[in-house]
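K.L.:
Submitted below is the structure of interest, expressed as structure tokens.
The values are calculated or read from the model by the stated rules, or taken from the named source; none is laboratory data. Just so it is clear, the model here is predicted, and its values are computed rather than measured. Cβ: placed from backbone, ideal geometry, glycine included. Neighbour counts: every protein chain shown.
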């Protein structure tokens, strides 16, 4: 297959590390509804199974290591505080796989959300350094977990910015994003440009707090 072609993604098994958190659960729910086999990963096997039962649609729950081993594509939706330690410990299981990092390194104080400095430049770049044998892609930073989890909402009005250095991998993640009704995956550059993408989430948090909304992004003229 040419790197320019859209990969077939309907049968891919999607594993979500940190799948018991709101963002992980929301993405798991939407991909399960789209018909993809989904594995919830967690430090606690029992907690993963409980969330998988809540989501239904054939979703399974496993410990993070088993999730990483069995999935075709793995989404990292873990808290920033445990991001590096978790991924470095799963390098062998994630070798050769597309790993989608959607982690936003943010801090919160009385003035609101703000981006945290990351020595490697971004969470996604840290993931790429820790997983040299994986195909790391950054995506799904700005999709509201509230909307993803809401059973009354069938269509998500949002673009997903997809960044990476491997064209086949970014094409695959764009195609996966499009599995969610209303969502479009938009290529947004190399992984080195991910820092401002993650930091932009702080601005969206501010928008949502001010306007009591669940705002996302739309890119015009493409």
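K.L.:
Which count do you get for residues in segment 176-196 that are out of contact with any strand residue (DSSP E or B) (no Cβ under 6 Å at 6 or more places or on another chain) and surrounded by 17 or more Cβ atoms within 10 Å (Cβ to Cβ)?
P.N.:
So the count comes out to 4.
K.L.:
Just to be sure before I move on: is residue 119 over 18 Å from residue 22 (Cα atoms) and in a helix (DSSP H, G or I) in the structure I sent? First the steps, then the outcome.
P.N.:
Details: over 18 Å from residue 22 (Cα atoms): yes; in a helix (DSSP H, G or I): no.
In short, no.
K.L.:
Go through (1) in contact (Cβ under 8 Å) with a residue 24 or more places away in the chain; (2) out of contact with any helix residue (DSSP H, G or I) (no Cβ under 6 Å at 6 or more places or on another chain); (3) over 17 Å from residue 7 (Cβ atoms); (4) surrounded by fewer than 23 Cβ atoms within 10 Å (Cβ to Cβ) one by one and return the number of the condition residue 81 breaks.
P.N.:
Exception for residue 81: condition (1).
K.L.:
Something else now. Which one of the conditions (1) crowded, with 20+ Cβ neighbours inside 10 Å; (2) out of contact with any strand residue (DSSP E or B) (no Cβ under 8 Å at 6 or more places or on another chain); (3) at pLDDT below 95 does residue 18 fail to meet, given that it meets all the rest?
P.N.:
Evaluating residue 18 over (1) crowded, with 20+ Cβ neighbours inside 10 Å; (2) out of contact with any strand residue (DSSP E or B) (no Cβ under 8 Å at 6 or more places or on another chain); (3) at pLDDT below 95 leaves (2) as the failure.
K.L.:
Now for a different question. Could you tell me which of the residues 49, 4 is outside any strand (DSSP E or B) and at pLDDT 95 or above? Write out each step before concluding.
P.N.:
Working: 4 fails: at pLDDT 95 or above.
Residue meeting the stated conditions: 49.
K.L.:
Quick test of your reading of the structure: residue 5 fulfils all but one of (1) touching a residue at least 40 places away in the same chain (Cβ under 8 Å); (2) more than 25 Å from residue 126 (Cα to Cα); (3) surrounded by 23 or more Cβ atoms within 10 Å (Cβ to Cβ). Name the failing condition by number.
P.N.:
Among (1) touching a residue at least 40 places away in the same chain (Cβ under 8 Å); (2) more than 25 Å from residue 126 (Cα to Cα); (3) surrounded by 23 or more Cβ atoms within 10 Å (Cβ to Cβ), residue 5 violates only (3).
One line per residue, one yes/no per condition, for (1) closer than 19 Å to residue 21 by Cβ; (2) out of contact with any helix residue (DSSP H, G or I) (no Cβ under 6 Å at 6 or more places or on another chain); (3) part of a loop (DSSP other than H, G, I, E, B); (4) touching a residue at least 24 places away in the same chain (Cβ under 8 Å):
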| position | (1), (2), (3), (4) |
| --- | --- |
| 148 | yes, no, no, yes |
| 154 | no, yes, yes, yes |
| 185 | no, no, no, yes |
| 210 | no, yes, no, no |
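K.L.:
Going through 125, 85 one at a time, which residue ends up being out of contact with any strand residue (DSSP E or B) (no Cβ under 8 Å at 6 or more places or on another chain) and under 22 Å from residue 190 (Cβ atoms)?
P.N.:
Details: 85 fails: under 22 Å from residue 190 (Cβ atoms).
Result: 125 is the single residue among 125, 85 that is out of contact with any strand residue (DSSP E or B) (no Cβ under 8 Å at 6 or more places or on another chain) and under 22 Å from residue 190 (Cβ atoms).
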